[in-house]
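Here's the structure we're looking at; comments come further down.
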Amino acid sequence: VGQCRSYHEKVIDHYEKPRNVGSFPKNNPNVGTGLVGAPACGDVMKLQIMVDPETGKIMDVAFKTFGCGSAIASSSLATEKIKGLTIWEASKIKNTEIAKELALPPVKLHCSMLAEDAIKSAVKDWEAKRKSAGAAPLNEI
Ligand code: FES
Ligand code: FES
């Protein structure tokens, strides 16, 4: 019980003091926006990344989640994890890592899936924006 209890505290901590809540202007060329919904419950997560166009490094992250406590904790933890990573590293983050760190029960796994999907969708949006602006694609470093 001791261990579960401390994991629960991690969820509560992120839920009560979510990190990186906010949003960036969608039309900023360096911003990628991921907006995803969970079909299972209708919860929605918006996650935005501010990317250095030279290196593909994620300089800043912002999120807004309209969802359950586990979804809020998952997105808060996800923003902490991806800040400072490259877009390629961030795209490799798996919901299972997030779920494990927060000790989410099986019925709450889809909440952490929202965070994984939101990261991937933000990266895709950034890449698409860059492409439509005519910039050369960045190569993974
Ligand atoms: Fe043990 Fe939640 S405190 S599962
Ligand atoms: Fe659906 Fe958590 S995101 S219950």
* **Cα convex hull of region 2-131 - mean projected area over all directions, nm²** => 7.4 nm²
* To the nearest 20 debye, what is the magnitude of the charge dipole of region 1-82 about its Cα centre, counting +1 on the Cβ of each Lys and Arg and -1 on the Cβ of each Asp and Glu? -> 100 debye
* To do: For the pairs K26/K83; K17/K129; K100/K129; K81/K131, note any where the Cα-Cα span goes beyond 28 Å.
  => K17/K129; K100/K129
* Structure fact -> Computed for the chain: size of charge dipole around the Cα centre, +1 on C-beta of each Lys and Arg, -1 on C-beta of each Asp and Glu, debye to nearest 20, value 160 debye
* Structure fact -> Output ordering of 72-83, 45-56 (per-residue mean of other Cβ within 10 Å, highest first) is 72-83, 45-56
* Theoretical ellipticity at 222 nm over the chain - DSSP helices of four or more residues, -39500 (n - 2.57) apiece, nearest 500 -> -15000 deg cm²/dmol
* **Relative contact order, percent, region 58-125 [alpha-carbon distance under 8 Å, six or more residues apart]** => 37 percent
* To do: Only helices at least 18 Å long along their axis, Cα-based, and averaging -0.5 or more on Kyte-Doolittle count here, so list those DSSP H runs from the chain.
  => 69-82
* Any aspartates and glutamates with Cα under 20 Å of the K120 Cα? List them, leaving off those in the same chain fewer than 8 positions away. => D43, D52, E54, D60, E80, E89, E97, E101, E140
* Mind jotting down the distance between the C-alpha centroids of region 107-141 and region 31-105, whole Å? => 10 Å
* Structure fact -> Length-normalised contact order of region 2-131, Cα under 8 Å, at least 6 apart, in percent, tallies to 31 percent
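Where a number appears in this text, it was derived from the coordinates with a stated rule and is not lab data. Not measured: the values here are computed from a predicted model. Reconstructed Cβ throughout: ideal geometry from the backbone, glycine too, with neighbour counts over all protein chains shown.
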